[in-house]
Amino acid sequence: MPKTPVLKAGQSANGLFRALKTDARGLPRTRPLYRRLVTLVEGGIARGDLPPGFQLPPGRELASAMRVSRATVVSAYRELEARGLARGYVGRGTFVSATPDAGSAPFAWRGKIAAAALQSSDTTVRDLVRAAADPALTSLAAGVPALDCFPTEAFQRAMNTVLARHADTAWRHGPTEGLPRFRAALATRFGGDPEHILVLAGAQQGLDLLARCLIDPGDAVVVDRPGYLGAIQTFRAAGAKLVGWDIARADIDELEELLLRYRPKLVYTNPTHQNPTGVTMPIRLRREMLELAARYRVPIIEDDTYRELSFTAPSPPSLFTLDEAHTVVIRINSFSKMLAPGLRLGWISAVRPIVDQLAMIKQRCDPHTQNLSQLVVCELLEHGVFDRHLVTLRAEHHRRRDALAHALRQHVPPGALRFAVPDGGMYLWCQLEPRVRARAVQAYALGESVMVLTGEPFYVDQGGGHQLRLCYTAQPPARADQAARTIARGIAAAASDRSSSVRLV
């Protein structure tokens, strides 16, 4: 809903009426009264006198002030809504929604956008993927695996096999839930029952489906703090009240208190090589979390996308695996971090009623995930190519982690950028000094064609202003030194700017 802005000094409702009446003197008298009123209000919007969010006078008051009938004002407001310039809300009034589009456009497109859609204004994810695709940038922002390790030749052979033997299946429609052969391969490799798997066009689609399936406006949702920004944006757009649980401290008593206080609809967590912190939840805590979820009857969405990216010891069993009856946990996973984000291929594992409901929602916007990619990845899974690739990928990610960590320690002064070195995943979660703003470092680095991500998008409340997330897997070791030097200069520049501003004050 729009908020009524504070009027300019000295401006009152009667002042607005007088301004409209003054402007009316220059309009042709031959035009219908309601059209003249539309032109007056449209002019005020175009000049900026009536900014978006401004509440227009109630119809009865404006009719009295302008000495016209109330029907005239109603007709004028309806025309303004048709032009996308205003929007009426029952019981609240009529608000300016957009400025007129340039040229001869018959209406303002922005004013036609649904109010719920306008609430989704965070462009962080879009900016990340755009930067990751820009060859002129050295991006440490988006979570991208070492793409030069991608098994290109094996993938091409698998595709040739599919087109030679299964072309008919590849090119026709497929089940919304996913091809039976692919679902069986996923269950064999990652666990679960094929009938309890829904194939997705990436994990982000799965989060959107789960939000639409499980969340009503006003529902409380407990999420990691800090946590995955894509989940935060998706749940917030669904109208959820987001509550953060400190994932680094991982206090089970704190979690129970949140469950008691907020009675959340669900808990979302990324417990293995967590994004953005890199922490991994120990098995004891996983069991306690499952016990709490069962006791308070709160489902858990487990984001398991980084499980296969451990460097040394195997990761603890997933929450989904520990939930042997699969009555509490919904697991979401993706090949974006294990193979390539361009595949747009992931899946959800859940009880059959949830899979069926998600499939019904999915069919409205995506009748089925691309068959060709399912069949090709299925070949990789069935013939061991995928697991051999993971061995290579982990080794290269290990090298890249060490290269970036070493370069940062070499070029950034001690204490200016603190981070723990994770045993897997894709990120360094870095803490700046309190006097250094992450956005200033980000701006400086971007000016030198290096993109880093600040901590703010990972928090559901105030936080992250002095933190950076660096994806160490996205760039080869040879670029680590240059990136670290840029970050070091950015930190020094941000610290200098802060010191200067403090002295001026």
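Here is how the numbers come out for the structure above:
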item: The listed residue being touching a Ser or Thr at 6+ places or on another chain (Cβ under 8 Å), over 28 Å from R364 (Cα atoms) and in contact (Cβ under 8 Å) with a residue 12 or more places away in the chain, out of T272, T277; result: T272
item: Residue within the range 249-266 that is surrounded by fewer than 23 Cβ atoms within 10 Å (Cβ to Cβ), touching a strand residue (DSSP E or B) at 6+ places or on another chain (Cβ under 7 Å) and on the phi > 0 side of the Ramachandran plot present; result: yes
item: Any hit, the range 417-439, residues being within 21 Å of P476 (Cα to Cα) and part of a helix (DSSP H, G or I); result: no
item: Evaluation of A395 against (1) under 20 Å from T272 (Cβ atoms); (2) crowded, with 21+ Cβ neighbours inside 10 Å (one fails), failing number; result: (2)
item: Any hit, the range 288-301, residues being surrounded by 20 or more Cβ atoms within 10 Å (Cβ to Cβ), over 15 Å from S349 (Cβ atoms), touching a residue at least 40 places away in the same chain (Cβ under 8 Å) and small (G, A, S); result: no
item: Counted residues, the range 176-189 - those being among the β-branched types (V, I, T) and either modelled with pLDDT under 95 or outside any helix (DSSP H, G or I) (or both); result: 1
item: Condition met for A154 (in a helix (DSSP H, G or I), of a type in the set (A, V, I, L, M, F, W, C) and not assigned by TED's automatic domain parsing to the domain that holds A237); result: no
item: Any hit, the range 122-130, residues being modelled with pLDDT of 85 or more, surrounded by 19 or more Cβ atoms within 10 Å (Cβ to Cβ) and either in a helix (DSSP H, G or I) or within 30 Å of the chain's Cα centre (by Cα) (or both); result: no
item: Meets criteria (under 19 Å from the mean Cα position of the chain (by Cα), surrounded by fewer than 21 Cβ atoms within 10 Å (Cβ to Cβ) and not assigned by TED's automatic domain parsing to the domain that holds V243) for D497; result: no
item: All helices (runs of 4 or more DSSP H) inside the range 1-115 with 1 or more residues being surrounded by fewer than 20 Cβ atoms within 10 Å (Cβ to Cβ) and modelled with pLDDT under 85; result: 13-24, 33-47, 59-66, 109-112
item: Boolean, L140 is in contact with a Leu (Cβ under 6 Å, 6 or more places away or on another chain) and within 30 Å of L229 (Cα to Cα); result: yes
item: Of all residues in the range 334-359 being more than 22 Å from Q156 (Cβ to Cβ) and without any contact (Cβ under 8 Å) to a residue 12 or more places away in the chain, the one that is surrounded by the fewest Cβ atoms within 10 Å (Cβ to Cβ); result: P353
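The values are calculated or read from the model by the stated rules, or taken from the named source; none is laboratory data. Nothing here was measured: the structure is a model prediction, and the numbers come from that model. Methodologically, a virtual Cβ is constructed for each residue, glycine included, from the backbone with ideal geometry; neighbour enumeration extends over all protein chains shown.
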